[in-house]
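To keep things clear, I will list the structure first and then write my remarks on it.
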Amino acid sequence: MTPDPIRSTHGPGLHDPPLVGARIMIGARIAWGVYSTRGKGAGDPIRVTAGNFLLTLPMAAVLGGIGPVILERQRRRH
């Protein structure tokens, strides 16, 4: 039987990351790439970045409220 190449990289006691967390990280990587690519032609980088962070506050507040609920449901399944 051939060992699984993904699982063989894990040491004793280590497990695969939770699927929800892995998907969130993949989404974050893609979003950061898009953000970086689009920001190359922006004006003052400090001002543009500060404005973009202010625009994320409503979404961060919503996700901060429902994120723990989602994580708790995921924890209960396992």
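The values are calculated or read from the model by the stated rules, or taken from the named source; none is laboratory data. The structure presented is a predicted model; accordingly, all values stated were derived computationally and were not measured. Every residue, glycine among them, receives a Cβ derived from its backbone with ideal geometry; neighbour counts consider all protein chains shown.
Scanning the stretch 20-37 for residues that are β-branched (V, I, T), within 14 Å of L63 (Cβ to Cβ) and within 8 Å of the chain's Cα centre (by Cα) gives a single hit, I24. Against the test of being at pLDDT below 85, exposed (fewer than 10 other Cβ atoms within 10 Å of the Cβ) and of a type outside the set (A, V, I, L, M, F, W, C), the options H10, H15 yield a single qualifying residue, H15. If we scan the stretch 62-70, do we find a residue that is modelled with pLDDT under 85, on the phi < 0 side of the Ramachandran plot and assigned to a loop (DSSP other than H, G, I, E, B)? Scanning the stretch 62-70 turns up no residue that is modelled with pLDDT under 85, on the phi < 0 side of the Ramachandran plot and assigned to a loop (DSSP other than H, G, I, E, B). Every condition in (1) closer than 30 Å to R76 by Cα; (2) assigned to a loop (DSSP other than H, G, I, E, B) holds for G41 except the one numbered (1).
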